[in-house]
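*Asks:* Questions regarding the structure given below will be posed in turn.
The values are calculated or read from the model by the stated rules, or taken from the named source; none is laboratory data. Note that the structure is predicted; figures quoted are calculated from it, not measured. Every residue, glycine among them, receives a Cβ derived from its backbone with ideal geometry; neighbour counts consider all protein chains shown. We work out accessible area using only protein heavy atoms, side chains counted, and drop any ligands, DNA or RNA first. Shrake-Rupley method; radii C 1.70, N 1.55, O 1.52, S 1.80 Å.
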Amino acid sequence: MQTLIERINAGRAAGQDIHADMYLYTAGGTGLAASCPPWASEDDRLKERLRDPATRASIRAAMLEPDGTWEPLGNLAGPEGVYPVGLKRPEHAEYLGKSLAEIAALRGQDWIDAALDLIESEPDGVGTMYHLMTEENIQLQLKEPWVMLGSDAAGDDPGEQDGGFAGGHPRALGNFTRLLGRYVRELGLLSLEEGVRRMTSLPAEHLGLTDRGQLREGAYADVVVFDPQTISDRATYTESNRLSVGVRDVWVNGVQTLRGGKHTLALPGKRLYGPGAGRFVAS
């Protein structure tokens, strides 16, 4: 990470416009299918290919000895660092919260066969967390002024989450409050003002969103009132649907959507377009 940061800073010093966004967790989230070579999922036919013994053997061989042309997340994290959280079949309920290594042991299989069987038997894709990052690198990244925050997750209603991958990663509900609670207040890695900038004016400016991300006359009234002494994330890897605390009031486009910590049921949000919207059309 330090080498990468040095390369980016050198590029910026030479006039290149380089920014990055990040979330503040050591696990990434995507499908269990990301443990397989990409060609296996082409045309959305992974399950079909797994049901053919010869093709399944080819997929298994590629996972056993990756050739360096693709990113084998299962191998990189190791089965102890792979957590399939999007399991829906009743007979798989006992696997929730367990690593792929633990699941494989329960099934009497090696991790590759366990992963392929789960992919094949589940009705949908299997959302999975891969523990790949380190806290040290998170803090190295966060110290750079060109790094902004992004959750890389959908904003699901926590009341509708079932513990599966729809709400299976804490970044969906905790990333932004985690910055202010852990990295600003507890660790002092950033000032409060800088922490707010990383989530508001920096991304708005970089994405070319005009009149957003700043509290000033003439700008859209997107306002969050929070307590810097109590704001904290509560979502965890095992309880990802826990709401953050410390946010009192919210206005979106000048309409109050949160009052005293309770949703007003107002829905004034709208899709935002950057400067490139509408420039490219299919011929």
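*Asks:* For Tyr23, only one of the following conditions fails: (1) under 19 Å from Val85 (Cβ atoms); (2) open to solvent by 60 Å² or more (accessible area, probe 1.4 Å); (3) not hydrophobic (A, V, I, L, M, F, W, C). What is its number?
*Replies:* Status for Tyr23: all satisfied but (2).
*Asks:* May I ask you to verify whether Arg248 is open to solvent by 70 Å² or more (accessible area, probe 1.4 Å), part of a strand (DSSP E or B) and over 19 Å from Tyr23 (Cβ atoms)?
*Replies:* Details: open to solvent by 70 Å² or more (accessible area, probe 1.4 Å): yes; part of a strand (DSSP E or B): yes; over 19 Å from Tyr23 (Cβ atoms): yes.
Considered against the rule, which asks whether it is open to solvent by 70 Å² or more (accessible area, probe 1.4 Å), part of a strand (DSSP E or B) and over 19 Å from Tyr23 (Cβ atoms), Arg248 comes out as yes.
*Asks:* Cβ-Cβ below 6 Å, separation at least six or inter-chain, first residue in segment 240-262 and in contact (Cβ under 8 Å) with a residue 24 or more places away in the chain, second among the acidic types (Asp, Glu) and part of a loop (DSSP other than H, G, I, E, B): which pairs?
*Replies:* Ser244/Asp233; Gly246/Asp227; Val252/Asp222
*Asks:* Also: Which one of Gly278, Gly261 is touching a strand residue (DSSP E or B) at 6+ places or on another chain (Cβ under 9 Å), surrounded by fewer than 17 Cβ atoms within 10 Å (Cβ to Cβ) and not β-branched (Val, Ile, Thr)?
*Replies:* Among Gly278, Gly261, only Gly261 is touching a strand residue (DSSP E or B) at 6+ places or on another chain (Cβ under 9 Å), surrounded by fewer than 17 Cβ atoms within 10 Å (Cβ to Cβ) and not β-branched (Val, Ile, Thr).
*Asks:* Continuing with this model, one more query. Looking only at segment 187-209, which residues are without any contact (Cβ under 8 Å) to a residue 40 or more places away in the chain, surrounded by 17 or more Cβ atoms within 10 Å (Cβ to Cβ) and either among the hydrophobic types (A, V, I, L, M, F, W, C) or assigned to a loop (DSSP other than H, G, I, E, B) (or both)?
*Replies:* Answer for segment 187-209, where residues must be without any contact (Cβ under 8 Å) to a residue 40 or more places away in the chain, surrounded by 17 or more Cβ atoms within 10 Å (Cβ to Cβ) and either among the hydrophobic types (A, V, I, L, M, F, W, C) or assigned to a loop (DSSP other than H, G, I, E, B) (or both): Val196, Thr200, Ala204.
*Asks:* Are any residues in segment 215-237 part of a strand (DSSP E or B) and in contact with a Gly (Cβ under 9 Å, 6 or more places away or on another chain), and if so, which ones?
*Replies:* Start the filter on segment 215-237 by keeping residues that are part of a strand (DSSP E or B), which leaves 223-226, 232.
Passing the criteria: Val223, Phe226, Ser232.
Yes or no, residue by residue, for (1) touching a residue at least 24 places away in the same chain (Cβ under 8 Å); (2) assigned to a helix (DSSP H, G or I):
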residue	(1), (2)
Leu116	yes, yes
Thr128	yes, no
Gly155	no, no
Phe176	yes, yes
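*Asks:* Further question on the same structure: Out of the residues in segment 55-87 that are touching a residue at least 40 places away in the same chain (Cβ under 8 Å) and β-branched (Val, Ile, Thr), state the one that is surrounded by the fewest Cβ atoms within 10 Å (Cβ to Cβ).
*Replies:* Looking at residues that are touching a residue at least 40 places away in the same chain (Cβ under 8 Å) and β-branched (Val, Ile, Thr), I get Ile59.
*Asks:* Turning to a different aspect of this structure: Residues in segment 100-109: is at least one assigned to a loop (DSSP other than H, G, I, E, B) and small (Gly, Ala, Ser)?
*Replies:* Within segment 100-109, the first condition is being assigned to a loop (DSSP other than H, G, I, E, B), and the residues that meet it are 108-109.
After this cut, where a residue has to be small (Gly, Ala, Ser) as well, the list is 108.
Yes, segment 100-109 has at least one match.
*Asks:* Moving to a separate point now. When residues of segment 27-54 are filtered for being surrounded by fewer than 16 Cβ atoms within 10 Å (Cβ to Cβ) and free of Cβ contacts under 8 Å to residues at least 60 places away in the same chain, how many remain?
*Replies:* 10
*Asks:* Would you pick out the residues in segment 47-92 that are modelled with pLDDT of 95 or more, outside any helix (DSSP H, G or I) and hydrophobic (A, V, I, L, M, F, W, C)?
*Replies:* Passing the criteria: Trp70, Val82.
*Asks:* Sticking with this one: Hey, does segment 202-224 have a residue that's closer than 20 Å to Ala153 by Cβ and polar (S, T, N, Q)?
*Replies:* Checking segment 202-224: not a single residue is closer than 20 Å to Ala153 by Cβ and polar (S, T, N, Q).
*Asks:* If you don't mind, there's one more thing I want to ask. Based on what the data block shows, is Asn137 within 18 Å of the chain's Cα centre (by Cα) and either surrounded by fewer than 15 Cβ atoms within 10 Å (Cβ to Cβ) or polar (S, T, N, Q) (or both)?
*Replies:* Criteria met by Asn137.
*Asks:* With respect to Gly127, determine if the residue is modelled with pLDDT under 95 and farther than 30 Å from Pro203 by Cβ.
*Replies:* no
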